[in-house]
Structures are given as structure tokens and as C-alpha cells.
Amino acid sequence: MKLQTGKFYWPTTYSDPPSYPPLTEDITCDVLIIGAGNSGAQCAHYLSETGLNIVVVDKRRVGEGSTLTNTALIQYLGDKMLFELVNSFGEETAILHTKLCEAAIDDIEKTANSLDIASDFIRRDSLYYTSYKEDADKLRKEFYYLNKHQFQADLLREKEIKQKYGFEKYMALYINNDGEINPFKFNHALIDKAVKNGVRVFENTRINGKKLTNDKCIFYTENGFSIQAKQVIFAAGYENLEFYKEKNSILLSSYAVVTNELEDSSFWHNRTLIWETARPYIYMRTTVDNRIIIGGLDDDTIYPQDRDSKIIHRKDKLIKECQKLFPELDIYPEYYLGAFYGGTHDGLPIIGEYDEFPNCYFLMAYGDNGLVYSMVLAKILRDVITKGSHPALSIYSNKRNIR
């Protein structure tokens, strides 16, 4: 799967990351994690504290899959709105999911601050504005549940938005205590700490065969070596779909740019994360070196050539979308990309357990909050593997029920 194409920003922020050898022998372990992106890294981080024998493999180098194109807005609300999740799953489940995502942001902050490699986590508030006046009812419904369940959010009117941001929108949610991070550094920081805790990591190690029974899993590498494990976590991001075609998953294409450095960002109230109610939507954030990340303009193409042919047009359009809000900005796309983006039909990420894959779990943190979802699902899988269960597993199971 050709995950992405473009000129990538995150590797320029950490030019000499740690490297790990390829697998060159047959090995055994308790848990094999397939994928060393952020999902696999978070699983490795939590499992490294359990005393289990953990192995991580990736066909690329660490963090060189979808992590390269993760724009890393750390938020607890998703592209399927909270009131829509209530309609689909019921209020109790929808609120529990949202609380787990809110707690995951705390976990990301705590974890990032404990690692040896700094990953630039910063708390940021979010502005979620109406793209059209008719969308105001959606925000009112959203605010009803946020307010009812003590989430830190306010409903801003047109005048308040204008005073704070300088642009005009009919209504917006102002959400406190979201965040931003450098996902490439975070990925490497997690793997670095896991290795120091005894996890074995093998880069450039492609899995191309398997033998699964009820009591053991054997995976074979392209170079002819084997890994025998008691349990396996597939954490290969969208490439999990190459192992199993999950019917609840959606694969789309998305686009993003990272601008030149700005001399002054004082015009941007609190450097909030910004997104909108339109679907597909535009979103924006700043970086520690005073750039703007602008993303969106998703479309349903699943063909890399088609996606890549649109990058030049989309990067210019994304700049114009930002300048609609901030017309005084003199910006251009210094970095730009087109990438596959995964979601689910029902709006929740997935922990997949399939009869064809005994003793295996598929971590599918699909959606716009992939880093947050990965943290939620990694903690659940740690408990499932070490304790046999987790109370929230049924929410994210591929066998879950929808109203």
C-alpha cells in the first residue's frame, strides 16, 4: 500500500532518530506487535511495563508509515459528533467513549513528559465553528451533551468569535484542554523507552506468511525467519486491511500542507486548534517553530495515482482556505502531501478479533483522532492480554451493536 506522497515536514524536526536492526534469526516471544508506528509504539510502551517478552516488527523504519503524515491535533471530539454517537450507540456508551478519549489526552501528556526524547506536547484549546449558519443546531446539540457531562466547553456567538479571532462565523464551540504533539518524535520516544525496558524492535522486517493455531502463532518474514508468539497485535495502521478486510472500515484520501515559518502568530487567539462542521472539513494548527498545518479536502479515491495527481491543486486550495480566515497572512506551502486516511462507518475505532486469526488482535485507531484512539485501545489491549478483559472492550469490538 502506497500510504502517502509528498514533501514531509516531521522528519526535518528530528533528523537523526534511533535505528534498529532487521530480524536475522528465528525467535519466540509472548506478544508480537506488527507495526512500529504510533499504534504499535503505544502498545509496546504499555506492555513493556508488564514483564512480558515483547517483540515489535515493521517492514519500514520506525515511524515511516502514516506517522509521517499525521497532523497530530490531539482532541477528544471526533469527526462523528458526540450527539451522533449518542444516536448510534446510546448516551452511556457515547459519553464513556468521549471520557476515555479525554483521559487519553492526559495519558499522552503524562507519557510524553516522562520520555527521554522530547515530543513537543502542548495543551491547546480547540475552536469548532459552523461552516454554515444552518449548522448551528448541530453545535447546540453537541454543547448540550458536553455541558450535561461536565466537559470543559463553551458556546461562542458571532460577536465573541469576531473579537477573539477577527473572522466571522455564526457560532462555535470552544473546547478546553485539547493538545498538539510532534507525532514523529513521540513515536520514536515511545519505542526508545520500550527498548530500554527490554522490548526487541526489528525494522525492515516484512511479514509475508503465517501459521495460526489455538495455542501459538508463527509468522514468517520475507527473509526466511520465523517469530513464534502466544499473542499478536496487528498495529499496522491502514495496512491492517491487507491482512483482514474489516467491513466497518473506510479508506479515503486526505491532503495537508505545512507553511513557511511566520514572524508573528499573535493574531491567532491562544494558537487554538481550528476545525469546522462541514464534511469534509478543513482543520488547522500551529507548530512549535511557528508554522501552520492546514489539512482536509478529503475525497473517496483509493487509488494512489489519482490521489497524487491532485496534490498540487489541493495544496494551493488549502492555503486559500486558511487565507479566507486570515487574509493578511503571507504564507506558502513549504511542505505538502497526499495520504490515505481511514475511518469507520459508525464513527468509533475498532479492536478486531476474527475467527481466522486466533490469539490475534487488530488495533484499528481509524478516524481523525488516531493518536488519541491508539492510546485508548493500547491500554485496553494491555489489560486484555495481562488480565483477560477490560470493561470497555465491548465498545470497540468489531462485533459491537449499533442502534
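The values are calculated or read from the model by the stated rules, or taken from the named source; none is laboratory data. Values in this document were obtained by computation on a predicted structure and should not be read as measured data. In this analysis, Cβ positions are derived from the backbone assuming ideal geometry, glycine residues included, and neighbour counts consider all displayed protein chains. Heavy atoms of the whole protein, side chains included, go into the accessibility calculation; ligands, DNA and RNA do not. Shrake-Rupley method; radii C 1.70, N 1.55, O 1.52, S 1.80 Å.
Being part of a strand (DSSP E or B) and either among the β-branched types (V, I, T) or open to solvent by less than 20 Å² (accessible area, probe 1.4 Å) (or both) is the filter here, so list the residues in segment 17-33 that pass it.
I27, T28, C29, V31, L32, I33
Against the condition surrounded by 22 or more Cβ atoms within 10 Å (Cβ to Cβ) and in contact (Cβ under 8 Å) with a residue 60 or more places away in the chain, how does A365 come out, does it pass?
Here the answer is yes, as A365 does meet what is asked.
Of the residues A153, A136, A112, A118, which single one is small (G, A, S), within 16 Å of L273 (Cβ to Cβ) and out of contact with any Asp or Glu (no Cβ under 6 Å at 6 or more places or on another chain)?
A153
Whether any residue in segment 221-238 is closer than 20 Å to K59 by Cβ, part of a strand (DSSP E or B), in contact (Cβ under 8 Å) with a residue 24 or more places away in the chain and open to solvent by 50 Å² or more (accessible area, probe 1.4 Å) is what I want to check.
So far as segment 221-238 goes, yes, one or more of its residues are closer than 20 Å to K59 by Cβ, part of a strand (DSSP E or B), in contact (Cβ under 8 Å) with a residue 24 or more places away in the chain and open to solvent by 50 Å² or more (accessible area, probe 1.4 Å).
If I ask for residues that are part of a loop (DSSP other than H, G, I, E, B) and either crowded, with 21+ Cβ neighbours inside 10 Å or without any contact (Cβ under 8 Å) to a residue 12 or more places away in the chain (or both), which ones from segment 65-80 would you list?
Listed by number, the residues that qualify are G65, N70, T71, A72, Q75, Y76, L77, G78.
Could you grab me the full set of residues in segment 325-358 that are in a loop (DSSP other than H, G, I, E, B) and farther than 30 Å from F167 by Cβ?
Listed by number, the residues that qualify are H345, D346, L348, P349, E353, Y354, D355, E356, F357, P358.
Filter segment 322-361 down to residues that are under 23 Å from the mean Cα position of the chain (by Cα) and of a type in the set (A, V, I, L, M), then give me how many there are.
5
Would you point out the residue of segment 361-402, among those that are part of a strand (DSSP E or B) and in contact with a helix residue (DSSP H, G or I) (Cβ under 9 Å, 6 or more places away or on another chain), that is nearest to D79 (Cα to Cα)?
M364
Quick grid of which residues meet (1) open to solvent by less than 50 Å² (accessible area, probe 1.4 Å); (2) of a type in the set (G, A, S); (3) at positive phi:
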site	(1), (2), (3)
N290	yes, no, yes
I294	yes, no, no
I311	yes, no, no
F326	yes, no, no
F340	yes, no, no
G347	yes, yes, yes
G352	yes, yes, no
E356	no, no, no
C360	yes, no, no
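Could you go through segment 152-172 and let me know if any residue there is touching a residue at least 60 places away in the same chain (Cβ under 8 Å), more than 30 Å from E49 (Cβ to Cβ) and part of a helix (DSSP H, G or I).
yes
Have a look at A103, A41, A112, A36 and point out the one that is under 16 Å from the mean Cα position of the chain (by Cα), more than 23 Å from Y283 (Cα to Cα) and surrounded by fewer than 24 Cβ atoms within 10 Å (Cβ to Cβ).
Residue meeting the stated conditions: A112.
Sort out which residues of segment 233-281 are touching a Lys or Arg at 6+ places or on another chain (Cβ under 9 Å) and of a type in the set (V, I, T), and write them in order of number.
V257, V258, T259, T272, I274, T277 - these are the residues of segment 233-281 that are touching a Lys or Arg at 6+ places or on another chain (Cβ under 9 Å) and of a type in the set (V, I, T).
Regarding Y128, is this residue part of a helix (DSSP H, G or I), among the hydroxyl-bearing types (S, T, Y) and touching a residue at least 60 places away in the same chain (Cβ under 8 Å)?
no
When the residues of segment 173-200 are narrowed to those that are part of a strand (DSSP E or B) and either hydroxyl-bearing (S, T, Y) or open to solvent by 10 Å² or more (accessible area, probe 1.4 Å) (or both), which ends up farthest from Y132 (Cα to Cα)?
R200
Please work out which one of (1) open to solvent by 20 Å² or more (accessible area, probe 1.4 Å); (2) over 22 Å from Q231 (Cα atoms); (3) within 18 Å of the chain's Cα centre (by Cα) is the condition N401 fails and give its number.
Tallying (1) open to solvent by 20 Å² or more (accessible area, probe 1.4 Å); (2) over 22 Å from Q231 (Cα atoms); (3) within 18 Å of the chain's Cα centre (by Cα), N401 fails exactly one: (3).
Taking interchain pairs and intrachain pairs at least six residues apart, which have beta carbon atoms under 6 angstrom, with the first residue in segment 202-219 and without any contact (Cβ under 8 Å) to a residue 60 or more places away in the chain and exposed (fewer than 15 other Cβ atoms within 10 Å of the Cβ) and the second part of a loop (DSSP other than H, G, I, E, B) and of a type outside the set (A, V, I, L, M, F, W, C)?
Hits for this filter: N208/E222.
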